[in-house]
Amino acid sequence: MADHGESRKIANLAVSRRNMLLGAVLGGASAIAFFRQPAIANPVVAEKVFESWVPEHFGSWKSVSQSGVVLPPPDTLRDRLYDNLVTRVYTAADRPPVMLLLAYNNAQDGVLQVHRPEFCYPVGGFVLSDTRDIMLEVRGKDVPANFFTATAPNRVEQVAYFTRLGASYPRKWSEQRAAVIRANLAGDIPDGMMMRVSALGIDRQEAQPLLAGFSREFIEHSNPRMQRLLLGPDSKG
């Protein structure tokens, strides 16, 4: 009986030591994961500060309204997806009005990411054409962008936009996910910025140069800090 009790004590001691060793290993792994987790490098921009960086007028363009712009769907995540969401409608003599949407979030962590317009418009009842790759030239920099036509009853909207995540300009959702993963593996949580411009009542041949020219002028006349949000960390703004 004594031998049996002694054996039980030895077995219990071995289990305790094994549990302590396992706990130490897991604790060390947790500590390493904590210290190696990606860091948020970009601060949140206060709403009023962000809005102050959006020019009310530039060149021949003037802001006249904030209504009529197709917004991301009002789901429970929208307030978390965007630190900042600004809409404007601009007019200029002898040009169709241009609608602008700017969306910014300081942390794209792979869970919460900026919605792409190809998701937002169908939720609003639009049918989309195929998305076309275009290039915007701004301040000597080529910015990869997208262009499509959104059609709904009594409304045809020509849409151009680009999305920046860190130093990348993903054109597709898969590219956006890959950009976030690459940044996270490098120890960074990138910020995310989207600029979307659109126009009603014109065809795509007229819309593409109009929206590209508007985007270039808007960025060139924006606050340098807004230029950095739009063009990325290597921007000269």
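Throughout, read-outs are computed from the coordinates displayed, never taken from laboratory work. These figures come from a predicted structure and were not determined experimentally. Every residue, glycine among them, receives a Cβ derived from its backbone with ideal geometry; neighbour counts consider all protein chains shown.
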Would you kindly derive the ³J(HN,Hα) couplings of segment 215-221 from the backbone phi angles with the Karplus curve 6.51 cos²θ - 1.76 cosθ + 1.60 (θ = phi - 60°), listing them in order in whole Hz, with x for Gly and Pro? 4, 4, 4, 4, 5, 5, 9
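Based on the Cβ-Cβ distance from Ser63 to Glu206, what FRET efficiency comes out when R0 is 22 Å, to the nearest 0.05? Don't skip to the end; give the middle numbers.
Working: r = 22 Å, r/R0 = 1.00.
Efficiency, rounded to the nearest 0.05: 0.50.
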So between Arg132 and Glu47, what do we pick up on full extension, going 0.36 nm a residue minus the alpha carbon distance? 27.4 nm
Pop out the ³J(HN,Hα) list for segment 124-137 in order, Karplus 6.51 cos²θ - 1.76 cosθ + 1.60 with θ = phi - 60°, rounded to Hz; leave Gly and Pro as x. x, x, 8, 9, 9, 6, 4, 7, 10, 6, 10, 10, 9, 9
Using the beta-carbon distance between Phe119 and Asp94 and R0 = 30 Å, what value does 1/(1 + (r/R0)^6) give for FRET efficiency, to the nearest 0.05? 0.30
Please report, in debye to the nearest 20, how large the charge dipole of segment 40-231 is about its Cα centre when each Lys and Arg carries +1 at its beta carbon and each Asp and Glu carries -1 there. 120
Among Arg228, Arg164, Arg132, which comes first, second and so on when ranked by fewest other beta-carbon atoms within 10 Å? Arg132, Arg228, Arg164
